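One structure below.
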Amino acid sequence: MGSFLSRNEFPVQGRTVLITGGSRGLGLNAARQLAEKGANVIIVARNEAKLQEGISYILKGARSPETQRFHYISADVTTSAECARVVTESIAWNHGAPPDVVWCCSGSAHATLYIDTPPEQFQTMMDSNYFSCAYMAHAVLNAWIRPNPDALSSEIRVESKSQLEIEAVSLPARHLVFTGSFVSLYSFAGFAPYSPSKAAIRALSDSLSQEMNLYAAAHPNIPRVRVHTVFPATMPTQGLEEENSLKTDLTKSLEEGDQILEPAEVARRAIRGLESGEDLVPTSTIIKLVMTSVLGGSTRGGFWKGLVNTLLGWIVLVVMVFIRWEMDTKVTKWGREHGSSGMLKEKGK
């Protein structure tokens, strides 16, 4: 029992990991920490200079630098053609095999009041956050589930169905990891342009995690695919600085008490959750609590973990009634005292 509970469900030593948004923030720190665990790493982003710096940083943490391999690809993953190119180039670099893990970390935030947001930003948010995940998932899942016949030589071929099932259990799973947000689970004033793109990622993750059961059953001779979503805590990054420059004072006041963690710590917590087999991975206490109240039909990590999360969710559901009431009251009071701009009135006006 103890050995089962301590089993690493996300082994990366000797395996190849592809990370989009890997030149900074969570993506870069996750890449470094996975390299420390023995992974070969491919990072993807737009800025080639940042990618080169990122590879140097990751290489310094490599467990076995003489045998591990590192690569970068400059690409705009908001388009399906570029995502397909990234996967194709990764396969070529990885000696004809697709990466074992794909972690989608790219994204951006535009946090403004809805009617003050330029309409083109709605598309930008969906492209940057949702479609960058959807297109990459589509490209890599096709490589994993419908590979080129020439790539099948490494598959285990046996005649007996029972033998296939035994071999399927022993094959290490492949992992598709999305990156959500606290506002994937609970949004509030000032995040309307951004939160739908993050909520869509969670819905995609729920759907794909069930679809993967179909392929695992139909094709037991290829590795099973696990689908996860990581929900990072707020991190003090350049992206947060850019986000805060757009936020209204109202939105900032509603965020008071938010837990802020360094990207390295968020990466550690995310990887720890993946290693323990979590499908939805919260990286802070507040995210964990809110997540339990909105799990719906999401996978719950087995009977006992699911039972604990369900019981906790019942408690948090009651608490959330009061949290929503308190936030609604705060917004209403703000409107009366400061007007509809979301900004504090200047003194003397």
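Condition check ((1) in contact with a strand residue (DSSP E or B) (Cβ under 8 Å, 6 or more places away or on another chain); (2) touching a residue at least 40 places away in the same chain (Cβ under 8 Å); (3) within 30 Å of Gln13 (Cα to Cα)) across all residues:
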residue: Asp76; (1), (2), (3): no, no, yes
residue: Ala84; (1), (2), (3): no, yes, yes
residue: Ile91; (1), (2), (3): no, yes, yes
residue: His95; (1), (2), (3): no, no, yes
residue: Trp103; (1), (2), (3): yes, yes, yes
residue: Ser106; (1), (2), (3): yes, yes, yes
residue: Thr117; (1), (2), (3): no, yes, no
residue: Glu120; (1), (2), (3): no, no, no
Residues satisfying the stated conditions in the range 240-290, i.e. out of contact with any Ser or Thr (no Cβ under 9 Å at 6 or more places or on another chain), aliphatic (A, V, I, L, M) and without any contact (Cβ under 8 Å) to a residue 40 or more places away in the chain: Leu289
Lone qualifier among Gly306, Gly297, Gly335 - being of a type in the set (Gly, Ala, Ser), more than 27 Å from Ile260 (Cβ to Cβ) and surrounded by fewer than 12 Cβ atoms within 10 Å (Cβ to Cβ): Gly297
Which numbered condition Arg7 fails, given (1) assigned to a loop (DSSP other than H, G, I, E, B); (2) more than 30 Å from Ile260 (Cβ to Cβ); (3) at pLDDT 95 or above; (4) not small (Gly, Ala, Ser): (3)
Any chance Thr229 is β-branched (Val, Ile, Thr), crowded, with 20+ Cβ neighbours inside 10 Å, in contact (Cβ under 8 Å) with a residue 12 or more places away in the chain and out of contact with any His (no Cβ under 7 Å at 6 or more places or on another chain): yes
Inter-residue pairs, beta-carbon under 9 Å, first within 22 Å of Ser128 (Cα to Cα) and in contact (Cβ under 8 Å) with a residue 24 or more places away in the chain and in the range 43-59, second polar (S, T, N, Q) and assigned to a helix (DSSP H, G or I), 6+ apart: Val44/Ser90
Scope the range 66-93; condition closer than 19 Å to Glu36 by Cα and in a loop (DSSP other than H, G, I, E, B); matching residues: Glu66, Thr67, Gln68, Arg69
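The values are calculated or read from the model by the stated rules, or taken from the named source; none is laboratory data. As the structure is a prediction and not an experimental result, all values here were calculated from the model. All Cβ positions, glycine included, derive from the backbone under ideal geometry; neighbour counts span all protein chains shown.
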